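Q: Quick one: structure below, then a few questions.
Values in this text are rule-based calculations from the coordinates and carry no lab data. Nothing here was measured: the structure is a model prediction, and the numbers come from that model. Cβ atoms come from the backbone with ideal geometry, glycine included; neighbour counts cover every protein chain shown.
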Amino acid sequence: MTLEYTIDLDYETWIPVPLDFPWNGYDTALSWGNDLASDLLAGRNAPEEIRSALAMTAVERALMNPPLEGAVERFWRRPDTGAPDRLAHLYALQTDTLDEDELVELARTGLGGFVQSVTRLDDTEFSVALRVILLLELPQETVSVARLVGVRDDTALLLELIDDNIASFAFIEPDLERLFRSIRLRTV
């Protein structure tokens, strides 16, 4: 069996960001970034330097390496809404566990860190779903990591947000959960 997913993406909140190019008719990150900036700033009388800066930020977001290898999706919290500029990544992992303790350990994959909180998420399409908040103590700062992980049919989907600013983390975390809850699953 294979688990397929779709996401009911709220385009007022999140922008899908290509993980590589070509993508959806765009040969390069630059062509994608230029179109995205033009679309986001349409009708706002933004000066060219603002459009150019937004396009270059979009290019940087598209060319960034995900925190872990194997990301299957990347989402950018819309920067034009006044929200903090952050990326979220979705990973698909094979697993044979439905045990919550093992899912917490799965959520620590690649980062480790101190588990600050674990919350079971009901009313999702997963057999088991958790929100795991991790704290990473780095030499100069503490970084917060939200990992929402759900498992069904031997596949886990893990949605991740990493942030070194606790205020922006708290602001975006509800949007991240809504994004996770929008995942629709189908076994084929």
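Q: Report, by chain and number, residues whose modeled amide H sits under 5 Å from the one on TRP14, excluding near sequence neighbours (fewer than 5 apart, same chain).
A: Long-range HN contacts for TRP14: ARG78.
Q: 222 nm [θ] for the chain, helices only, -39500 (n - 2.57) per DSSP H run of 4+, per residue, to 500?
A: -9000 deg cm²/dmol
Q: What is the extension gain from ALA42 to ASP153, computed as 0.36 nm multiplied by their sequence separation minus the C-alpha to C-alpha distance, in nm to one decimal?
A: That pair, ALA42 and ASP153, stretches by 35.6 nm at full extension.
Q: Next question. Suppose every Lys and Arg Cβ carries +1 and every Asp and Glu Cβ carries -1, with no other charges. What dipole size does the chain come out with about its Cα centre, to the nearest 20 debye?
A: The calculated dipole for the chain is roughly 340 debye.
Q: A further question follows. Considering only the other residues whose Cβ falls under 12 Å of the Cβ of LEU130, what net charge follows from Lys and Arg at +1 and Asp and Glu at -1?
A: Cβ neighbours under 12 Å give a net charge of -3.
Q: Turning to a different aspect of this structure: Place +1 on the Cβ of every Lys and Arg and -1 on the Cβ of every Asp and Glu in the chain, take the dipole about the Cα centre, and give the residue among GLN140, THR57, ASN34 whose Cα lies farthest towards its positive end.
A: Positive-end residue among those listed: ASN34.
Q: While we're here: About its Cα centre, how strong a charge dipole does region 88-187 have in debye, to the nearest 20, once Lys and Arg get +1 and Asp and Glu get -1 at the Cβ?
A: 320
Q: Can you check how the C-alpha radius of gyration of the chain compares to 2.2 N^0.38 Å, as a plain ratio?
A: So the chain has a normalised radius of gyration of 1.07.
Q: Label-point separation (nm) for ALA92 and GLU69, each offset 7 Å from Cα along Cα-to-Cβ?
A: It works out to 1.8 nm between the two label points.
Q: Counting Lys and Arg as +1 and Asp and Glu as -1, what is the net charge of the other residues whose Cβ lies under 10 Å from the Cβ of SER168?
A: -2
Q: What do you get for Rg/Rh of region 1-110 when both radii come from the Cα atoms and Rh is the Kirkwood radius?
A: With Rg and the Kirkwood Rh in hand, the quotient comes to 1.05.
Q: Most mobile of ALA53, ALA146, ALA29 per a Gaussian network model of the chain (Cα springs, under 10 Å)?
A: Result: ALA53 has the largest fluctuation of those listed.
Q: Report, in whole Å, the centroid distance computed from the Cα atoms of region 1-64 and region 89-143.
A: Here the two parts' Cα centres lie 27 Å apart.
Q: Can I ask one more? Where nothing but the Cβ of Lys and Arg (+1) and of Asp and Glu (-1) is charged, how large is the charge dipole of region 20-64 around its Cα centre, in debye to the nearest 20?
A: It comes to approximately 140 debye.
Q: Continuing with the same structure: Sorting ILE133, ILE166, ILE7 on the 10 Å Cβ count, fewest up front, what's the list?
A: Listed from fewest to most nearby Cβ atoms, that is ILE166, ILE7, ILE133.
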